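The structure under discussion appears below in the form of structure tokens.
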Amino acid sequence: MAELTAAQIQEMLDSFYPYKKRFVTHRDIPAQPLSRAEVLAQIATMSTEEDALGDTGKVSGSLYLGDHEQYAFLTEVFEKFAHANVLQRDMYPSSTKFEGEIVAMTAAMLGGDAQTVGVITSGGSESLMNPMLVYRERGLATRGITAPEIIIPDSAHVAIDKACHYFGITLLRAPLREDFLVDVDWVRDHITPNTVALVGSAGSYPYGLVDPIEELGALALEHDIGLHVDGCLGGFLLPWIARLGVKVPAFDFRVPGVTSMSADTHKFGYALKGTSVLLYRDATLRRYQYFTFPDWPGGLYISPGMSGSRSGGLIAAAWAAMLTTGEQGYLDAAAAIHATAQKIKAAVQAQPELRVYGEDPTFLVAFGAARPEADGGLDIFLVNDLLTSRGWRMNPDQLPAGLHFCVTRPNTREGLAEEFATDLADGVAYALAHRGEPARSGALYGMAGTPAGNDVVNFLLSGALDAMYAVPQD
Ligand SMILES: Cc1ncc(COP(=O)(O)O)c(C=O)c1O
């Protein structure tokens with residue numbers, strides 16, 4: 001098991017607060033207001049420096065648009081309603097128009113029909129948590145289920161674990177098959193009278209792959225339970241990749257049995273951070289999500305989901321992003337992303353020491369060592385160490401150990417995939433030359449997967465969060 005040294009921990013802590021010695025650390029509200037110019041100057045310094053890495057195009061995922069002119073336009077739209085509270089619909093009916101139209105456009109893109117309804121949420125996690133609550137509530141209301149269970153692929157996003165943790169739902173993680181897709185037979189065998197819903201991803205966060213949604217849909221119909229398709233990542237990209245003629249497994253409302261879907265405007269929808277679309281096959285399902293309260297001293301309360309006040313600016317910007325990108329913009333981006341992903345996949349396949357995870361990744365390429373380390377294979381995190389030193393920011397996978405590159409628009413820059421191929425080859429050579437040495441980027445990996453190891457990792461991760469919220473002493 002990898003051990004974290006005291007120096008590595010200190011380095012991690014220091015990295016949380018790089019501005020400690022550069023700007024004044026505020027522990028109290030300043031007695032006299034600072035000037036706008038002064039504050040803006042600090043903000044500009046930080047944002048320029050922090051954008052530099054993303055602007056190289058060498059970052060996996062995270063930044064989906066990367067076009068500063070479009071960011072400026074979206075920010076201009078945001079500014080018009082930044083202060084508006086969507087909860088106060090009577091004051092801001094524009095939000096009602098924007099939300100309704102975002103939902104309608106997204107439903108049309110994802111094979112919805114006149115019955116399809118939806119809501120806008122703050123992001124992917126909320127778009128996954130709400131439907132879990134919905135299926136719990138529906139199970140209780142229609143079947144009297146008091147100990148609800150939900151079955152998800154092991155690769156599904158952890159926001160669902162979070163939802164089940166919050167909402168008292170028992171979660172079953174179905175193992176993956178050799179091809180990194182959910183084992184549908186396992187799912188079938190584990191459905192019980194308490195199962196309220198199944199989940200599949202399109203595509204999954206660690207592998208970018210589309211689970212066998214048609215098979216899951218058939219199971220959902222057979223048992224009359226929900227099927228949520230997590231399209232947070234792929235929902236705004238896969239439809240356009242499919243339109244290019246690339247084979248994409250069926251995953252949306254056209255598949256019988258799919259009852260809800262999430263698709264993030266703030267990812268491949270190319271909007272600002274802070275919005276996502278959650279769709280339901282019909283209005284009956286969405287009702288389970290609403291929260292209304294008739295006899296509160298503060299008045300009649302109504303909210304569609306978990307959030308209370310929400311900024312109208314983000315919703316306006318998401319609407320503006322969809323209108324100004326248009327079908328053509330989404331198609332062009334999908335073509336460039338798909339082409340880049342294929343080059344990255346080819347670069348991985350050119351390395352006999354590596355293997356691509358899954359059959360046909362279309363936009364996200366996950367890979368790991370072709371052989372276990374015990375059989376002379378390399379440590380993939382050593383490959384990552386070299387890539388990091390060349391400015392790449394990959395996403396780590398674990399169980400099995402791996403890296404993934406989620407290709408976004410900034411990564412489609414001319415020559416970048418070729419640069420990656422060269423650096424990856426060097427990374428493999430580096431990993432082979434340093435076999436047996438601890439990888440810097442893998443320090444926290446390799447511990448999880450056993451109850452004792454998970455305890456250690458949970459302890460360290462909670463400590464990291466504490467450290468992030470602790471304003472350092474000068
Ligand atoms: C497949 C998938 N689902 C859900 C999420 C969660 O989205 P968010 O980070 O917006 O809450 C992500 C984030 O990357 C994702 O890739």
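The values are calculated or read from the model by the stated rules, or taken from the named source; none is laboratory data. Every value quoted in this text rests on a predicted model; they were computed, and no experiment measured them. Positions of Cβ are generated from backbone atoms using ideal geometry, with glycine treated the same way; all protein chains shown enter the neighbour counts. Remember, those area values only see protein heavy atoms, side chains included, never the ligands or the DNA or RNA. Shrake-Rupley method; radii C 1.70, N 1.55, O 1.52, S 1.80 Å.
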- Task: Starting from residues that are assigned to a loop (DSSP other than H, G, I, E, B) and within 16 Å of the ligand (Cβ to nearest atom), keep the ones in the range 184-209 and report whichever is surrounded by the most Cβ atoms within 10 Å (Cβ to Cβ).
- Result: Gly208
- Message: Looking only at the range 98-130, filter to residues that are free of Cβ contacts under 8 Å to residues at least 40 places away in the same chain and out of contact with any Cys (no Cβ under 9 Å at 6 or more places or on another chain); which one of those is surrounded by the fewest Cβ atoms within 10 Å (Cβ to Cβ)?
- Response: Ala114
- Answer residue from the range 380-407, given it is in contact with a helix residue (DSSP H, G or I) (Cβ under 7 Å, 6 or more places away or on another chain) and among the β-branched types (Val, Ile, Thr) and is most open to solvent (accessible area, probe 1.4 Å) among those: Thr388
- Do you know which of the residues in the range 264-293 that are near the ligand (Cβ under 10 Å from one of its atoms) and either part of a strand (DSSP E or B) or acidic (Asp, Glu) (or both) is farthest from Ser201 (Cα to Cα)? Ser276
- Message: Being within 16 Å of the ligand (Cβ to nearest atom) and touching a Leu at 6+ places or on another chain (Cβ under 9 Å) is the requirement here; does Glu126 meet it?
- Response: yes
- Message: So, in the range 343-357, how many residues would count as being part of a helix (DSSP H, G or I), open to solvent by 60 Å² or more (accessible area, probe 1.4 Å) and either out of contact with any strand residue (DSSP E or B) (no Cβ under 9 Å at 6 or more places or on another chain) or touching a residue at least 40 places away in the same chain (Cβ under 8 Å) (or both)?
- Response: 1
- Give the range 62-86 a look and list any residue that's in a loop (DSSP other than H, G, I, E, B), farther than 28 Å from Phe363 by Cα and open to solvent by 60 Å² or more (accessible area, probe 1.4 Å), or say none. His83
- Inside the range 140-158, the number of residues satisfying the requirement of being away from the ligand (no atom under 11 Å from the Cβ), of a type outside the set (A, V, I, L, M), open to solvent by 30 Å² or more (accessible area, probe 1.4 Å) and assigned to a loop (DSSP other than H, G, I, E, B) is 3
- Item | Odd one out for Leu237, checked against (1) within 15 Å of the ligand (Cβ to nearest atom); (2) touching a Leu at 6+ places or on another chain (Cβ under 9 Å); (3) closer than 30 Å to Phe98 by Cβ; (4) open to solvent by less than 10 Å² (accessible area, probe 1.4 Å) | (2)
- Item | Residue satisfying all of: in the range 159-168; open to solvent by less than 60 Å² (accessible area, probe 1.4 Å) and either within 16 Å of the ligand (Cβ to nearest atom) or in a helix (DSSP H, G or I) (or both); farthest from Met306 (Cα to Cα) among these | Asp161
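Table: residues versus (1) without any contact (Cβ under 8 Å) to a residue 12 or more places away in the chain; (2) among the hydrophobic types (A, V, I, L, M, F, W, C).
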{"residue": "Thr388", "(1), (2)": "no, no"}
{"residue": "Gly391", "(1), (2)": "no, no"}
{"residue": "Asp423", "(1), (2)": "no, no"}
{"residue": "Ala433", "(1), (2)": "yes, yes"}
{"residue": "Ala439", "(1), (2)": "no, yes"}
- Check Arg243, Arg287 and return the single one that is among the basic types (Lys, Arg) and either touching a strand residue (DSSP E or B) at 6+ places or on another chain (Cβ under 9 Å) or within 29 Å of Gly139 (Cα to Cα) (or both). Arg287
- Message: Checking Val158 against (1) in contact with a Phe, Trp or Tyr (Cβ under 9 Å, 6 or more places away or on another chain); (2) touching a residue at least 12 places away in the same chain (Cβ under 8 Å), only one condition comes out false. Which one?
- Response: (2)
